[in-house]
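The values are calculated or read from the model by the stated rules, or taken from the named source; none is laboratory data. Every value quoted in this text rests on a predicted model; they were computed, and no experiment measured them. Every residue, glycine among them, receives a Cβ derived from its backbone with ideal geometry; neighbour counts consider all protein chains shown.
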Amino acid sequence: MEMTRRSVLMSSAALLAAPRLAWAQTNPNAPTTIAGIPVNYDERKVGTYTLPDPLKASDGTRIADAAGWTAKRRPEIVRLFEAQQYGIAPGRPAALAFDVRERDASAFDGKAKRRQVRITFTADRSGPAINLVVYTPVGVAGPVPLLLAINFSSNAAVVNDPGVYPGAIWNPKQGKRVPYRPGGRTFGRIDPVPLLEAGFGFAAFYYGDVDPDDLNGLPYGIRALYLKPGHAQVAPDGWGSIAAWAWGISRAIDYLETDERIDAKRIAIHGVSRLGKTVMWAGAHDTRVAATIASCSGEGGAALSRRNYGETIAHLVAPTRYPYQFAANYARWKGFPDVAPMDANLLVALHAPRPLLLQTGSTDYWSDPKGEFLAAVDAGKVYRLFGKQGLGTTIWPKAKQPILHDLAYYMHEGGHGTVPSDWDVYLSFLKMHLTPGA
């Protein structure tokens, strides 16, 4: 599809962590191991499995209605994911503060007003802080719905707006945050103008503001502020970086609830790859999120762990890869995902009855796009408890055939990450569920 001004995200596929891998049975060059762990790309070797039932409570009782789900089953599933996968995060800090550093500056040739806010967490305002940029459309009456994006780089790298503060980014080689230098390599560039023209606001922040994406980053992020005295590591059920980044999304929402220009009951969130996992958990955990768009969240996100296909729990928690992103308890299930008490169908179900779009790529085999679809199929039974519409099919759609129900699925032609045309689908999804002016 030809790129147009209404295509709002430059593809970051080549720069994200997961490799683009082909079907093993048709591509003899596909790696058979990652981090010394076998990888399967053959559907015939996926194996059989039984998913945990979202409508069966831990005491064996059946959940028959939305009230039972909300009061009984949902809280126990949240606790499972906290203790066994993402880790338990703290609540809102008592010293949380919002410093509006810029208020209502003109942006995008007068189409928007820009605010820049520094969100701090301690009384002395030291330590990690979120630098949030917020745009609202000019000429739109009343509070507006908004899309909040968590990103892989400084706001100045993500949004093409010379007025955005450059901020700092994490440098893993130096083991510290360094000033972002404009003119360097950029990726994940977002054009908010189509959203603004449709009546939506847009906000963004850099995930590294909250916690470094680094095996050795614990001392330099928000999690270090909550370590028990004398402890150098979090507890086995303590939060990993994904839970920390999701916590950052909740703190951004804390600010947006104070912004009179924003309809805080209509805030959607978006993230890609490991940040797709992040928004899956943020939307599941924080019910203030009105809608979630998770791009290629894969294993540890919306893809079924019980399917032996592509990346597995074992790959995620391998010592040289991403164990820091999860609770230490998650490693317990690296060889036994079939008996783990949680799987992605339960994670998807936690979003009910709120709209959720799973966006993936047809050749992103590492992230198992079919596994994401199958998780959503099973979670549909929870959406139906609320009178909402699941996918409505058990047949995996081909690429470029969006299903935009309350529970939605879309697969572009191509690999990991996003392509510009995905954002046309995102905008359609947002219009359907968070219509400006409604």
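Quick rundown of the values:
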| item | result |
| --- | --- |
| Test result for T360, closer than 30 Å to D59 by Cα, hydroxyl-bearing (S, T, Y) and at pLDDT 95 or above | no |
| Any pair with Cβ under 7 angstrom, 6 or more apart, that starts in segment 123-142 at a residue that is among the aliphatic types (A, V, I, L, M) and ends at one that is modelled with pLDDT under 90 | V140/P436 |
| Residue list for segment 160-213, restricted to those being crowded, with 16+ Cβ neighbours inside 10 Å and β-branched (V, I, T) | V164, I169, T186, I190, V193, V210 |
| Among residues of segment 214-250, those that are farther than 19 Å from L132 by Cβ and either in a loop (DSSP other than H, G, I, E, B) or in contact with a Pro (Cβ under 6 Å, 6 or more places away or on another chain) (or both), counted | 19 |
| Failed item in (1) surrounded by fewer than 18 Cβ atoms within 10 Å (Cβ to Cβ); (2) touching a residue at least 12 places away in the same chain (Cβ under 8 Å); (3) out of contact with any strand residue (DSSP E or B) (no Cβ under 8 Å at 6 or more places or on another chain); (4) of a type outside the set (V, I, T), with G221 passing the rest | (1) |
| Every residue from segment 81-124 that is under 22 Å from Y324 (Cα atoms) and either in contact with a Ser or Thr (Cβ under 6 Å, 6 or more places away or on another chain) or surrounded by 17 or more Cβ atoms within 10 Å (Cβ to Cβ) (or both) | F81, E82, A83, Q84, Q85, Y86, G87, A89, F121 |
| First in segment 400-423 and without any contact (Cβ under 8 Å) to a residue 60 or more places away in the chain and over 18 Å from G298 (Cβ atoms), second anywhere and hydroxyl-bearing (S, T, Y) and in a strand (DSSP E or B), Cβ under 6 Å, 6 or more apart | P402/Y410; I403/Y409 |
| Qualifying residue in segment 322-335 (condition: over 21 Å from the mean Cα position of the chain (by Cα), modelled with pLDDT under 95, surrounded by fewer than 19 Cβ atoms within 10 Å (Cβ to Cβ) and not aliphatic (A, V, I, L, M)) | yes |
| Helices (runs of 4 or more DSSP H) within segment 256-349 that include 2 or more residues β-branched (V, I, T) | 274-285, 313-317 |
